[in-house]
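Below is one structure, written out as structure tokens; comments come after it.
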Amino acid sequence: LFRRPWAFVTSVAHLEQLPPEGEIEVAFAGRSNVGKSSLINAITGVNGLARTSNTPGRTQMLNFFAAPESAVTLVDMPGYGYAQAPKSMVDAWTDLVFTYLQGRARLRRVFVLIDSRHGLKANDLEVMGLLDKAAVNYQIVLTKIDKIKPGQLTRVLDETAEKIRKRPAAHPQIIVTSSEKSTGLGEIRAEIFKLSAG
Ligand code: GDP
């Protein structure tokens, strides 16, 4: 699956532009700057596939990636949590994302990326609320673990596990990653492979 050449398919800012559903979709969500583009580029092995360092305030888009003869479509969800985001932008984000989540029968999982230095923030919990409401399975991925000490990692893992324990659509297992050090990439690929095989 991940030996294939992944390529950009389309960007969607309005729901009427959504492409037909692939056989299986797997999406990535997270606060801006969490390391989402870096992780998508790292797991696909395609540099520059997802654009890094999105400019705050830029049009919020869902980006779709596919590989030849693969059942899986990867979806890069627009980053959230910009400090200066006006309410109208937050509302547009929520509309686009929630409608997408509710309407995609073949969306098998959303990886919710959390910066391991910061842990879950209020807007991460809001997004998890949307996922629970839409009954879309999601799994927490801690990013940039090369930036923290082992003791801190243990603490953030414990705190995060406690916070997702009672959430209905949350996968109990947390994946720990560093795009910088290529940590945890195999685990994410294996999860996606399992979803596409099962
Ligand atoms: P996005 O806004 O979520 O797409 O985040 P980016 O992928 O653009 O990353 C934001 C910043 O974090 C960039 O400066 C990256 O170089 C950096 N970054 C991303 N992943 C890692 C990582 O695993 N380790 C470290 N140390 N830095 C990272």
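The values are calculated or read from the model by the stated rules, or taken from the named source; none is laboratory data. Note that this is a predicted model, so its numbers are computed, not measured. Cβ placement follows ideal geometry from the backbone for every residue including glycine, while neighbour counts extend to all protein chains displayed.
Here Lys87 fulfils each of the conditions (1) under 15 Å from the mean Cα position of the chain (by Cα); (2) within 23 Å of Ser32 (Cβ to Cβ); (3) not acidic (Asp, Glu) apart from (1). What number of residues in the range 182-194 are under 14 Å from the mean Cα position of the chain (by Cα) and either within 11 Å of the ligand (Cβ to nearest atom) or outside any helix (DSSP H, G or I) (or both)? Number satisfying all stated conditions: 1. Against the condition touching a residue at least 12 places away in the same chain (Cβ under 8 Å), more than 16 Å from the chain's Cα centre (by Cα) and under 20 Å from Ile40 (Cα atoms), how does Arg109 come out, does it pass? No; evaluated as a whole, the condition is false for this residue. Screening the candidates Ala13, Ala50 for the property of being within 24 Å of Phe98 (Cβ to Cβ) and surrounded by fewer than 18 Cβ atoms within 10 Å (Cβ to Cβ) yields one hit, Ala13. Scanning the range 154-181 for residues that are within 17 Å of the chain's Cα centre (by Cα) and either touching a residue at least 12 places away in the same chain (Cβ under 8 Å) or crowded, with 17+ Cβ neighbours inside 10 Å (or both) gives Thr160, Ile164, Ala169, Ala170, His171, Gln173, Ile174, Ile175, Val176, Thr177, Ser178, Ser179. On inspection, Asp146 does not qualify as within 16 Å of the ligand (Cβ to nearest atom), assigned to a helix (DSSP H, G or I) and buried (at least 16 other Cβ atoms within 10 Å of the Cβ).
The rows are residues; the columns are (1) modelled with pLDDT of 90 or more; (2) within 16 Å of the ligand (Cβ to nearest atom); (3) part of a strand (DSSP E or B).
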| residue | (1), (2), (3) |
| --- | --- |
| Tyr82 | no, yes, no |
| Met89 | no, yes, no |
| Asp95 | no, no, no |
| Phe98 | yes, no, no |
| Gln102 | yes, no, no |
| Arg109 | yes, no, yes |
| Lys133 | yes, no, no |
| Val136 | yes, no, no |
